[in-house]
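Every number here is computed from the coordinates shown, using simple stated rules; none is lab data. These figures come from a predicted structure and were not determined experimentally. With ideal geometry, Cβ positions are generated from the backbone for all residues, glycine too; neighbour counts draw on all protein chains shown.
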Amino acid sequence: MTAKPAVGWVGTGVMGAAMCGHVLDAGYPVTVSTRTKAKARGLIDRGAVWADTPAEVAAASDLSFAIVGFPEDVREVFLGGSGLLAGASAGDAVVDMTTSEPAMAVEIAEQAALAGVGAVDAPVSGGDVGARNGTLSIMVGGEEETVERVRPIFETMGATIVRQGGPGAGQHTKAVNQILIATTVIGLSEALLYGRRAGLDMDSVLESVSGGAAGSWSLSNYGPRMLAGDFEPGFYVDHFVKDMGIALREAAAMRLPVPGLALAHELYVSLQGQGLGRKGTQSLILALARMAGLEWAPPPSSS
């Protein structure tokens, strides 16, 4: 029986810890690193080996994955002096699962190729629920041979895995995903505010509309949290503002108008201005409630 490849993992945030956990559960040897070792403690207790730097992760691994926060983090983790490419050997592969800039994905792939290392960009969608359940949608860019090498790892954490093209294609596809979500959450927020103001039983309303043409992942997953006043992050407002900023810049470079995305971006920036950047993206309803002079809160308990 062929031994499983050694896997490296950098980033154990809201989604990364669960994603890496699925890789461990599938029996792969894992070396992990993150800025704060305490955040990796659960994975270490389950058998992952700690490394102090991404370079040390790559040196111990055949396939190295990272999911971090912002493009500057991606640059440091992959291209920095102690980054993954500094520790990778010819024949290895590195995979960025962060939502980042298409041009950076291309740059990483070019630098990796010089060292004989494969590179894949593979941002994900599905939030904390998808990460925990192993049902993420994974949008993949990279050379087909490298993508097929890492596909078994993707299959431990995702239900939909589609190669979209060469380097950067995964990141462009994630921009499409975020544009779709941005205006969807505006509509969801407006609808819940309308229903609450009209005096409807909103749990009953969700039951009615979720099975019809208005049904969506956001409605089913964010709607109940919004009604309950649960704004803890499955995906941070700060990170979504970053993602929308990337999509806005890419659209501008294409001379493509995206007014819905621009509106959503401004509304989410207003949440950052209210100190809510570390809350979940379902917090958008708070921005619209504020515009209406309303205080959004869970309805009184019937007990």
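Worth a mention:
- Between 0 and 90 degrees, the angle of helix 217-228 with respect to the longest Cα principal axis of the chain falls at about 60 degrees.
- Positive end of the dipole of the chain (Cβ unit charges, origin at the Cα centre): among PHE154, SER33, PRO224, the Cα lying farthest that way belongs to PRO224.
- Stretched out straight at 0.36 nm per residue, the stretch from ALA90 to VAL162 would grow longer than its current Cα-Cα span by 23.4 nm.
- Computed helical MRE - 222 nm, the chain, DSSP H runs ≥ 4 contributing -39500 (n - 2.57), nearest 500: -16000 deg cm²/dmol
- Label of the coordinate-derived value, Cα extents along the principal axes in Å, listed as (1) 67, 46, 32; (2) 60, 46, 34; (3) 63, 49, 35: (3)
- Across all directions, the average flat footprint of the convex hull enclosing the Cα atoms of the stretch 218-286 is 4.6 nm².
- Here the Debye sum runs over all C-alpha atoms of the stretch 172-291 as equal scatterers in vacuum, and log10 of I(q)/I(0) at q = 0.10, 0.21, 0.23 Å⁻¹ comes out as -0.30, -1.19, -1.35.
- FRET efficiency estimate (nearest 0.05) - Cβ-Cβ, VAL129 to TRP50, R0 22 angstrom: 0.20
- For a straight C-alpha distance cut-off of 25 angstrom, the lysines reachable from LYS174 (same-chain residues fewer than eight places away being disregarded) are LYS242, LYS279.
- Contour minus Cα-Cα distance for VAL209 and GLN111 (0.36 nm per residue): 30.4 nm
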